[in-house]
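Working notes for the structure below.
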Amino acid sequence: MAEWNQPPGKFDIPDVPDFVPRRLKPWLFIVFVLIIQFSGGLYLAAASDMVGTTGLMQEDILMAGYASLIGLAINFAVMFRVKFRFSTRTQLLVACMVLIAANLVCTHTDSVPVLVATCFVAGWFRMQATLACNSTIQLWLTPVRDMSIFFCYVYIIVDSVIQLSGIASVYAAFFHSWEYMQWVMTLLLALLMVAVMILVRPVRPHMYIPLLGIDWIGGLLWAGFMLCFTFVCVYGNFYDWWDAPEICRATVIGAACLAVNLWRATFLHHPYISFAAMRNPNVIRATCVYLAFFTAIATEHVFEHSYAINVLGFDETNVIDLNWYVFAGIIVGCGFTYLTFARRKWRYKTMTAIGFALLAVYLAWFYFTIDYGIEKEMLFIPLFFRGMASVIISIVFLTSIVQSGLPFLVFPQALTINGFTGAVMSATLGPAIIGEILRHTLARNAALLGAGLTDCNVAASHMPLGELYGIVQVQALVVSMKEIYGWLLVLALTVLFVIIVSYGPLRPHAIFPKWRTIRRVLRRVARPAA
């Protein structure tokens, strides 16, 4: 690992043999991390194809996909401990083997618990392998350890892969079958293992620290809470919320896991997530912003697919092609954030206001122009701004966690909270709220539009009753979406106004500590436990 400061032209990675040109070594790890990020075990974009060929429901596949994000978030609290315990070569090889097994399991099983557990484990190892690659080239990306620069790279990789993997999985299902994507990624992971065995030396880490003093029970309890929270959000509408015993049981178990963890944090010396991380102002501020921002942008999950399929008449390939517009927004958003926030050090307040302004443009476009006959190309503007807004908000508030003044022992715990609120809650809570609002609004508008239909009107229209009421449902859907877009636009503009009138002089100065400093801190944790 390149763990010391070096001039940009002298950067080297000791783990890679010298027969590999020095300039190519960092790009080798970028290729590694791209393959790992593409390997999710399960691809939500192909959910409709999986539903059609397995006995699984849409909710089952969503639950498994979000379990992968929970595994990713839980890993944050211990990822540096694992990094200092095993070599980069070992981490990559083990992660590849686990991801290959996850791909095979997800291809052949129709058991929901097995699918959820597999994706959870795959998410954990995917995050660890990603850290192993990214930490190796961190000083190549930013020799001064400026995390605002580093996170621009992280999100251009992570968010871009999310869009591109969705496109690849849908086209794989269109031309062959949904399992084809898993087989391709299994082959790439096998090739990655061969490349790692040839090109990465088994160097024992200079910062070897045993895995002692880690609150593994707390980690399992936090994972249980997050899984129960996700279960309630994903299955709530299907089971009719708390009228069903399944939702009640998940709520009780999740509340019990949370309560036990909070109780244990009062007396444990090193809990999995401490009160210092929970009470940190930057963590609380980021959570509040995520709740407002991702609730307003939850229409991505609730509306856009239904609108494209049911109203515009797009097929799955035309729907997934819209990801290219979001992908373009992500690329431009990362570039814009790099030039303004990372390089020119624009204020957090300014960048947050820009993110919410772009969100308002996205919502306003749909509110004023949503109709029955728009062309696919007309969707470029709102989807471009949505991708740009989400990546700006993510980079800015992840950087704020680094700059929060937390001790390094607490900092990874704050990253776990940030990962849960920014990835899991944003993908589940917002869509659950907006989906429930849509259900009630759609029923009300359908009743109002259908109130004028009488037997005489139906007979005079010479149209089958089922077809006529189908048209009413489509009209009610468009009217309901426009109404909800309007209320969300009001929410976005209100938050934007609050940001503009608030006082926020802070500028990014998030400098990551040196690896030898981190080693000393973590060794103090492991030594008493030994």
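The values are calculated or read from the model by the stated rules, or taken from the named source; none is laboratory data. Note that the structure is predicted; figures quoted are calculated from it, not measured. Note: ideal-geometry Cβ built from the backbone for every residue, glycine included; neighbour counts use all protein chains shown.
For every residue, the table says whether it meets (1) among the small types (Gly, Ala, Ser); (2) crowded, with 24+ Cβ neighbours inside 10 Å; (3) without any contact (Cβ under 8 Å) to a residue 60 or more places away in the chain.
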residue	(1), (2), (3)
ALA357	yes, no, no
GLU375	no, no, yes
PHE380	no, no, yes
LEU383	no, no, no
ALA389	yes, yes, no
LEU398	no, no, no
SER404	yes, no, no
LEU415	no, no, no
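Scanning segment 126-155 for residues being farther than 22 Å from LEU44 by Cα and either assigned to a helix (DSSP H, G or I) or at pLDDT 90 or above (or both) gives a total of 17. Being within 30 Å of TYR348 (Cβ to Cβ), under 30 Å from the mean Cα position of the chain (by Cα) and at pLDDT 70 or above, is that true of even one residue in segment 514-529? The answer is no, given that none of the residues of segment 514-529 is within 30 Å of TYR348 (Cβ to Cβ), under 30 Å from the mean Cα position of the chain (by Cα) and at pLDDT 70 or above.
Report yes if some residue within segment 329-346 is in contact with a strand residue (DSSP E or B) (Cβ under 9 Å, 6 or more places away or on another chain) and crowded, with 17+ Cβ neighbours inside 10 Å; otherwise report no. There is at least one residue in segment 329-346 that is in contact with a strand residue (DSSP E or B) (Cβ under 9 Å, 6 or more places away or on another chain) and crowded, with 17+ Cβ neighbours inside 10 Å. Look through segment 227-285, keep the residues that are charged (D, E, K, R) and in the same structural domain as GLN403 (by TED's automatic domain parsing), and return whichever of them is nearest to ALA423 (Cα to Cα). The extreme case among them is ARG285.
Only one of these conditions is not met by GLY419: (1) out of contact with any Cys (no Cβ under 7 Å at 6 or more places or on another chain); (2) under 15 Å from ALA296 (Cβ atoms); (3) of a type outside the set (Phe, Trp, Tyr). Which number is it? Only one criterion in (1) out of contact with any Cys (no Cβ under 7 Å at 6 or more places or on another chain); (2) under 15 Å from ALA296 (Cβ atoms); (3) of a type outside the set (Phe, Trp, Tyr) is unmet by GLY419, namely (2).
Going by the structure shown, is VAL105 among the aliphatic types (A, V, I, L, M), crowded, with 20+ Cβ neighbours inside 10 Å and not assigned by TED's automatic domain parsing to the domain that holds PHE384? Yes: the conditions hold for VAL105.
Applying the criterion of being farther than 30 Å from VAL82 by Cβ and of a type in the set (A, V, I, L, M) to the residues of segment 210-254, the residue that is modelled with the lowest pLDDT is ALA244.
Somewhere in segment 103-125, is a residue touching a Gly at 6+ places or on another chain (Cβ under 7 Å), at pLDDT 90 or above and of a type in the set (A, V, I, L, M)?
Yes; the residues of segment 103-125 include at least one that is touching a Gly at 6+ places or on another chain (Cβ under 7 Å), at pLDDT 90 or above and of a type in the set (A, V, I, L, M).
The residue of segment 32-48 that is nearest to VAL194 (Cα to Cα), among those that are of a type in the set (Gly, Ala, Ser) and buried (at least 21 other Cβ atoms within 10 Å of the Cβ), is SER39. When you check VAL33 against the structure, is it in the same structural domain as THR130 (by TED's automatic domain parsing) and at pLDDT 90 or above, yes or no? Yes; evaluated as a whole, the condition is true for this residue.
The rows are residues; the columns are (1) outside the structural domain of ASN418 (by TED's automatic domain parsing); (2) aliphatic (A, V, I, L, M); (3) crowded, with 18+ Cβ neighbours inside 10 Å.
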site: MET50; (1), (2), (3): yes, yes, yes
site: GLU59; (1), (2), (3): yes, no, yes
site: GLY65; (1), (2), (3): yes, no, yes
site: ILE70; (1), (2), (3): yes, yes, yes
site: PRO113; (1), (2), (3): yes, no, no
site: PHE125; (1), (2), (3): yes, no, yes
site: THR130; (1), (2), (3): yes, no, yes
site: THR136; (1), (2), (3): yes, no, yes
site: VAL144; (1), (2), (3): yes, yes, no
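In segment 316-328 there is at least one residue that is modelled with pLDDT of 90 or more, closer than 20 Å to ILE149 by Cα and not assigned by TED's automatic domain parsing to the domain that holds THR142. Scanning segment 261-317 for residues that are surrounded by 15 or more Cβ atoms within 10 Å (Cβ to Cβ), of a type in the set (A, V, I, L, M, F, W, C) and not in a helix (DSSP H, G or I) yields a count of 7. Every listed requirement among (1) at pLDDT 85 or above; (2) in a helix (DSSP H, G or I); (3) surrounded by fewer than 17 Cβ atoms within 10 Å (Cβ to Cβ) is met by PHE174 save one, (1). When we screen VAL458, VAL479 for residues that are over 25 Å from ILE354 (Cα atoms) and modelled with pLDDT of 80 or more, the only hit is VAL479.
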